[in-house]
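Colleague: I am attaching a structure below and will ask some questions about it afterwards.
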Amino acid sequence: MARLRVLQAFIFICVWVLYASTYLVRKPLGAIKVGMKEELGFSQIQLGWLDTAMLLPYSVAQMVLGTAADRMGPRRTVTICLGIAGLSMFSFGSWNNFGVLLVLIFINGAAQGPVWPACCKCISAWFSDLQLNSVFGFINTAAFGGSIIASGLAAYLYSEYGWRFVHCPLSVVVLILAIVAWLILKMPKDYHIVIPGKEPIEDKTVTSNKEKNSFFALWRLPMVLELAVAMLCNKVVRYFIYLWFPVYLMKELEYSAANTGLLVSLFDVGGIAGSIFLGMAADRYNSLVLTLFATVAGTAGFLLFNFTASWGMTYNSIMLSIGGFCVCGLDALLGGSVAVKIGEKDGSNVGAAVAGLINGFGSMGAVIQGPLIGFMSDMYGWNSVFLLVVGLLSLSSFLILKAIYIERRQTIMNSMMHVENGITVH
């Protein structure tokens, strides 16, 4: 038992670091845009296309290639993906041609896509179902931790050496971690270990029928469509805070750059707390019910913010922390433990595929939020943007409520089948 706990802690740390490392080749783009614009003369539109070239293939690859970890295993998937991402960005600062930079960052985005589903597959294999939500709550903090670390390193490298040198050392770190993944990211069967109270994922019945494992078949699994759209709504809101909210704070509320950065950071801090708390609570209570409560609370928080925005820094800090707690904390459940359980239910072996599908479709929210928020704010003002946020979170709440209904209906049907089987036996 002691050996198992040591290995679980070791694998957890490994997965946390590996997923956090994806932000080393994702987040610096925002930090170096000013340098690229000044030296290469790129327009705002071109810089925006670089964002799309990374986020769109990331989203699509996560949806389509999420099943890679189900077929090849997390170890091989993470190693290949981190290796490709690191190689694609290693020479990024050496190029001046916009087309070349666009291709490199496209490859980078696509390579990062399958990493999260593979991490979900690995974590779900190592921990008991009774503690899986808590583990995913903690592992989801890698996104926020990786983002903070990457932003800090990118800012330092940019200020000391210029934009061209930012990606080179960070890519080297990612390439080293790709080797680390190959060496140590193993599954329980590789150590000849059986996780107590959990049927090993590798020993479950693997459906060989390609039709049942197809992209479109995954969409037909119960609750997948509802949770995927709910995730998209939440990520539109999340990336609105990251990419547009600073504009609102500085232009409409006339906050300084320092205070603006502090407020946006509080949103991330709330996300870390939300991930941990909701994950731990979900091991005791129904996961979907908790996500419903969190989404409703987030909706109320943003609705209140629309009325209290002019009240000052203290009120804004409270509302943003609540928003981060509710909106960001959901990722660990909707795109982590809940998604994997749906994919692994009834002997299936598509946990990574379902996690990739729900997360990938949700990531489309990051792609569409830019033009959507820009259009709404320009045409109808910032009040309309907050009404849009409240509307999206309300839609998310409705979809999660529908998923709860589907889950309970399945539970009732399964109970009836067990009763009928019991009568037949007697």
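The values are calculated or read from the model by the stated rules, or taken from the named source; none is laboratory data. The structure presented is a predicted model; accordingly, all values stated were derived computationally and were not measured. Virtual Cβ from ideal backbone geometry, glycine too; neighbours counted across all protein chains shown. With ligands, DNA and RNA removed, areas are computed over all heavy atoms of the protein, side chains included. Shrake-Rupley method; radii C 1.70, N 1.55, O 1.52, S 1.80 Å.
Colleague: Which residue pairs have Cβ atoms closer than 7 Å, lie 6 or more positions apart in sequence or on different chains, and pair a first residue in the range 88-102 that is within 15 Å of Leu24 (Cα to Cα) and in contact (Cβ under 8 Å) with a residue 12 or more places away in the chain with a second residue that is part of a helix (DSSP H, G or I) and small (Gly, Ala, Ser)?
Modeller: Going by the 7 Å Cβ cut-off, the qualifying pairs are Ser88/Ala111; Met89/Ser171; Phe90/Ser171.
Colleague: Using beta carbons and a limit of 8 Å, which pairs, at least six apart or on different chains, have the first residue in the range 167-178 and touching a residue at least 60 places away in the same chain (Cβ under 8 Å) and the second one crowded, with 20+ Cβ neighbours inside 10 Å and among the hydroxyl-bearing types (Ser, Thr, Tyr)?
Modeller: Listed pairs, sorted by first residue: Val173/Ser21; Val174/Ser21; Val174/Thr22; Leu177/Ser21; Ala178/Thr79.
Colleague: Could you list, in sequence order, all residues of the range 376-389 that are under 27 Å from Met63 (Cβ atoms) and open to solvent by 20 Å² or more (accessible area, probe 1.4 Å)?
Modeller: Met376, Leu388
Residue-by-condition table, conditions (1) closer than 25 Å to Ile123 by Cβ; (2) within 24 Å of the chain's Cα centre (by Cα); (3) not charged (D, E, K, R):
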site: Asn349; (1), (2), (3): yes, yes, yes
site: Met364; (1), (2), (3): yes, yes, yes
site: Ile368; (1), (2), (3): no, yes, yes
site: Pro371; (1), (2), (3): no, yes, yes
site: Met376; (1), (2), (3): no, no, yes
site: Ser384; (1), (2), (3): no, no, yes
site: Leu392; (1), (2), (3): no, yes, yes
site: Phe398; (1), (2), (3): no, yes, yes
site: Ile404; (1), (2), (3): yes, yes, yes
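Colleague: Out of all the residues in the range 23-32, is one or more among the β-branched types (Val, Ile, Thr) and open to solvent by 20 Å² or more (accessible area, probe 1.4 Å)?
Modeller: Here is the first cut: in the range 23-32, the ones among the β-branched types (Val, Ile, Thr) are 25, 32.
Next cut, open to solvent by 20 Å² or more (accessible area, probe 1.4 Å) only: none.
Within the range 23-32, none of the residues are among the β-branched types (Val, Ile, Thr) and open to solvent by 20 Å² or more (accessible area, probe 1.4 Å).
Colleague: Go through the residues of the range 9-21 one by one and say whether even a single one is in contact with a Phe, Trp or Tyr (Cβ under 8 Å, 6 or more places away or on another chain), modelled with pLDDT of 85 or more and of a type in the set (S, T, N, Q).
Modeller: no
Colleague: I've got another one for you. Hey, could you check the range 4-13 for residues that are open to solvent by 10 Å² or more (accessible area, probe 1.4 Å) and in contact (Cβ under 8 Å) with a residue 60 or more places away in the chain and say which is farthest from Gly356 (Cα to Cα)? Give the steps one after another, and end with the answer.
Modeller: Filtering the range 4-13 down to residues open to solvent by 10 Å² or more (accessible area, probe 1.4 Å) leaves 4-10, 12-13.
Then drop every residue that is not in contact (Cβ under 8 Å) with a residue 60 or more places away in the chain, which leaves 4, 7-8, 10, 12.
Details: Leu4: 28, Leu7: 25, Gln8: 23, Phe10: 24, Phe12: 19 Å.
Top of the filtered list is Leu4.
Colleague: Which residue out of Ala150, Ala143 is modelled with pLDDT under 90, over 19 Å from Gly360 (Cα atoms) and either open to solvent by 10 Å² or more (accessible area, probe 1.4 Å) or assigned to a helix (DSSP H, G or I) (or both)? Let's see the steps before the verdict.
Modeller: On the way: Ala143 fails: over 19 Å from Gly360 (Cα atoms).
Result of the check over Ala150, Ala143: Ala150.
Colleague: Which ranges mark the helices (runs of 4 or more DSSP H) fully within the range 217-310 that have 1 or more residues being under 18 Å from Asn140 (Cβ atoms)? If you could, list the steps in order and put the result at the bottom.
Modeller: Values: elements: 224-243, 245-251, 257-282, 287-308.
Because the criterion is at least 1 residues that are under 18 Å from Asn140 (Cβ atoms), the helices (runs of 4 or more DSSP H) in the range 217-310 that meet it are 224-243, 257-282, 287-308.
Colleague: Would you please list the contacts, defined by Cβ atoms under 7 Å and residues six or more apart or on different chains, that run from a residue in the range 241-267 that is under 17 Å from Met319 (Cα atoms) to a residue that is open to solvent by 70 Å² or more (accessible area, probe 1.4 Å)?
Modeller: Thr260/Met250
Colleague: Test Ser397 against the stated conditions and say whether it is open to solvent by less than 20 Å² (accessible area, probe 1.4 Å), more than 30 Å from Gly48 (Cα to Cα), in a helix (DSSP H, G or I) and not β-branched (Val, Ile, Thr). Please lay out each step first, then the result.
Modeller: Working: open to solvent by less than 20 Å² (accessible area, probe 1.4 Å): yes; more than 30 Å from Gly48 (Cα to Cα): yes; in a helix (DSSP H, G or I): yes; not β-branched (Val, Ile, Thr): yes.
The answer is yes for Ser397.
Colleague: Here is a further query. Output the residues belonging to the range 43-67 that are open to solvent by 40 Å² or more (accessible area, probe 1.4 Å) and either touching a Leu at 6+ places or on another chain (Cβ under 7 Å) or over 21 Å from Ser348 (Cα atoms) (or both). Walk me through how you get there before you give the answer.
Modeller: Of the range 43-67, the ones open to solvent by 40 Å² or more (accessible area, probe 1.4 Å) are 43-46, 49, 51-52, 56, 60, 64-65.
Matches in the range 43-67: Ser43, Gln44, Ile45, Gln46, Trp49, Asp51, Thr52, Leu56, Val60.
Colleague: May I ask you to list the residues in the range 323-381 that are out of contact with any Ser or Thr (no Cβ under 9 Å at 6 or more places or on another chain) and not in a helix (DSSP H, G or I)?
Modeller: Gly381
Colleague: Can I ask one more? If I ask for residues that are more than 30 Å from Asp129 (Cβ to Cβ), crowded, with 21+ Cβ neighbours inside 10 Å and not β-branched (Val, Ile, Thr), which ones from the range 342-375 would you list?
Modeller: First, the residues of the range 342-375 that are more than 30 Å from Asp129 (Cβ to Cβ): 366-375.
Within this subset, residues satisfying the condition of being crowded, with 21+ Cβ neighbours inside 10 Å are 366-367, 369, 373.
Within the range 342-375, Ala366, Gln369 meet the criteria.
Rundown of residues vs (1) closer than 16 Å to Leu253 by Cα; (2) of a type in the set (A, V, I, L, M), yes/no style:
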| site | (1), (2) |
| --- | --- |
| Ala300 | no, yes |
| Ser310 | yes, no |
| Gly324 | no, no |
| Lys341 | no, no |
| Ser348 | no, no |
| Ile368 | no, yes |
| Val385 | yes, yes |
| Leu388 | no, yes |
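Colleague: Could you list, in sequence order, the residues of the range 233-260 that are under 22 Å from the mean Cα position of the chain (by Cα) and open to solvent by less than 50 Å² (accessible area, probe 1.4 Å)? I'd like the intermediate steps shown before the answer.
Modeller: Keep residues of the range 233-260 that are under 22 Å from the mean Cα position of the chain (by Cα), which gives 233-246.
Matches in the range 233-260: Cys233, Asn234, Lys235, Val236, Val237, Arg238, Tyr239, Phe240, Ile241, Phe245, Pro246.
Colleague: Could I ask something else about it? Would you confirm, using the coordinates I've provided, whether Asp70 is buried (at least 23 other Cβ atoms within 10 Å of the Cβ) and over 27 Å from Tyr239 (Cα atoms)?
Modeller: Details: buried (at least 23 other Cβ atoms within 10 Å of the Cβ): yes; over 27 Å from Tyr239 (Cα atoms): yes.
So Asp70 passes the test.
Colleague: Related question: Do we have Phe90 as aromatic (Phe, Trp, Tyr), closer than 18 Å to Thr22 by Cα, surrounded by 18 or more Cβ atoms within 10 Å (Cβ to Cβ) and touching a Leu at 6+ places or on another chain (Cβ under 8 Å) here?
Modeller: Working: aromatic (Phe, Trp, Tyr): yes; closer than 18 Å to Thr22 by Cα: yes; surrounded by 18 or more Cβ atoms within 10 Å (Cβ to Cβ): yes; touching a Leu at 6+ places or on another chain (Cβ under 8 Å): yes.
Here the answer is yes, as Phe90 does meet what is asked.
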